[in-house]
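See below for the structure under consideration.
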Amino acid sequence: MIIEGPRVRLRPLTRDDRQRAQEILSTPEVARWWGETVHEVERLLEEEAGFSSYAIELDGEVVGLIQSCEELDPQYRHAGIDIAVAPSHHGRGLGPEAIRVLAAHLFAQGHHRLTIDPAAANAKAVHVYTKLGFRPVGLLRQYERGPDGTFHDGLLMDLLKGELR
């Protein structure tokens, strides 16, 4: 499924995108938050129920990656989002647009709540997500292992249908 935004286009990530995905995730600005590149790219390319990975395109160029993870149990139905944008395209509003486009799609698919979980120390990401309407839920202590091998805190944020800015 292709999801169109005003400037960006989200299309399913394919094996043909492997090299570009590795390039994006291996840049120092992205790798410090995403972890080991090859493992992360393979995880994005896996086909698994509830997971959808997309290439973020601008004028036909892959400028980022975005993924949704859907909890399909009706009692807990919601979706989570992960995103990475090539540093050469930071500051242009492409990441927020991609999140808006995917969020609108997920809400239209029946989700009432979305989550995102940046590293607590990733102040830029937290700022962007807050501007989009996500609210902090709580600190996830020692949530993920960083590239340096130590565990780092994450920040769980959520967004309810109708709160997207």
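The values are calculated or read from the model by the stated rules, or taken from the named source; none is laboratory data. Just so you know, these numbers come straight off a predicted model, no measurement behind them. No Cβ is skipped: glycine too gets one built from the backbone with ideal geometry, and neighbour counts run over all protein chains shown. When the accessible area is computed, the model is the full protein with side chains, heavy atoms only, and any ligands, DNA or RNA have been set aside. Shrake-Rupley method; radii C 1.70, N 1.55, O 1.52, S 1.80 Å.
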Item to check | Pairs where the first residue, in segment 103-118, is closer than 15 Å to Glu163 by Cβ and charged (D, E, K, R) and the second is open to solvent by less than 40 Å² (accessible area, probe 1.4 Å) and modelled with pLDDT of 95 or more, C-beta under 9 Å, 6+ apart | outcome: Arg113/Ala79; Arg113/Asp158; Arg113/Leu159
Item to check | Qualifying residue in segment 76-86 (condition: at pLDDT below 90, surrounded by fewer than 20 Cβ atoms within 10 Å (Cβ to Cβ) and under 21 Å from Ala108 (Cα atoms)) | outcome: yes
Next on the checklist: Give me the residue from segment 155-165 that is out of contact with any Pro (no Cβ under 8 Å at 6 or more places or on another chain) and of a type outside the set (Gly, Ala, Ser) and, out of that set, surrounded by the fewest Cβ atoms within 10 Å (Cβ to Cβ).
Outcome noted: Arg165
Next on the checklist: Within segment 111-139, take every residue that is assigned to a strand (DSSP E or B) and open to solvent by 50 Å² or more (accessible area, probe 1.4 Å) and give me the one that is nearest to Glu4 (Cα to Cα).
Outcome noted: Arg113
Checklist entry - Out of segment 137-165, which residues are at negative phi and of a type in the set (S, T, N, Q)? => result Thr150
Checklist entry - Among Val38, Val30, which is the only one that is at pLDDT below 95 and either open to solvent by 80 Å² or more (accessible area, probe 1.4 Å) or more than 24 Å from Ala79 (Cα to Cα) (or both)? => result Val38
Checklist entry - Which residues, taken from segment 145-154, are in contact with a Gly (Cβ under 8 Å, 6 or more places away or on another chain) and either assigned to a loop (DSSP other than H, G, I, E, B) or surrounded by 15 or more Cβ atoms within 10 Å (Cβ to Cβ) (or both)? => result Gly146, Pro147, His152
Next on the checklist: Looking at the structure I just gave you, is Glu71 of a type in the set (Asp, Glu) and either in contact (Cβ under 8 Å) with a residue 12 or more places away in the chain or buried (at least 18 other Cβ atoms within 10 Å of the Cβ) (or both)?
Outcome noted: yes
Checklist entry - Of all helices (runs of 4 or more DSSP H) completely enclosed by segment 1-110, which ones contain at least 3 residues that are of a type in the set (D, E, K, R) and more than 14 Å from the chain's Cα centre (by Cα)? => result 18-26
